[in-house]
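Okay, structure first, notes after.
The values are calculated or read from the model by the stated rules, or taken from the named source; none is laboratory data. The model shown is predicted, which means the values in this text are computed figures rather than measured ones. No Cβ is skipped: glycine too gets one built from the backbone with ideal geometry, and neighbour counts run over all protein chains shown.
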């Protein structure tokens, strides 16, 4: 007796080279994750399973998500990364003052070392903050 197995994926496009995330058992789970990742589509896979537990047929159905409320975190997820341009030592911080304290200590302990600051967000990735010592005051 053949039966149908269904699972869901979050995906960013309908193109051949697309990003997929999942699988999920329900559409609601997939949709929630797609909105977190800012993906505009869901992909429903249907497998028709035969008597010998072999896959006889695969169906892929794209579902475009309607524009709606995007899950915005209460606080923008942002990490600050400090890296010494001289020796390569790094650290990760939640607050700008923590990064400045780490940099001050590192540069005090290692004369002639220079610490750089990077900001990482999910939307923009990793970006260097130039002249950050002037703006952290």
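Is it the case, given these coordinates, that residue 30 is more than 28 Å from residue 127 (Cβ to Cβ) and either modelled with pLDDT of 90 or more or assigned to a loop (DSSP other than H, G, I, E, B) (or both)? Considered against the rule, which asks whether it is more than 28 Å from residue 127 (Cβ to Cβ) and either modelled with pLDDT of 90 or more or assigned to a loop (DSSP other than H, G, I, E, B) (or both), residue 30 comes out as yes.
Conditions tested, residue by residue: (1) under 21 Å from the mean Cα position of the chain (by Cα); (2) within 11 Å of residue 78 (Cβ to Cβ); (3) assigned by TED's automatic domain parsing to the domain that holds residue 37.
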| site | (1), (2), (3) |
| --- | --- |
| 91 | yes, no, no |
| 98 | no, no, no |
| 104 | no, no, no |
| 108 | no, no, no |
| 111 | no, no, no |
| 115 | no, no, no |
| 121 | yes, yes, no |
| 125 | yes, no, no |
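Would you confirm whether any residue within the range 95-112 is at pLDDT below 85, surrounded by 14 or more Cβ atoms within 10 Å (Cβ to Cβ) and in a helix (DSSP H, G or I)? Scanning the range 95-112 turns up no residue that is at pLDDT below 85, surrounded by 14 or more Cβ atoms within 10 Å (Cβ to Cβ) and in a helix (DSSP H, G or I). Residues in the range 113-137 that are surrounded by 14 or more Cβ atoms within 10 Å (Cβ to Cβ) and part of a strand (DSSP E or B): 115, 116, 117, 118, 119, 120, 129. Here the range 58-82 is the region considered, the condition is being within 15 Å of the chain's Cα centre (by Cα) and assigned to a strand (DSSP E or B), and the residue that is modelled with the highest pLDDT is 79.
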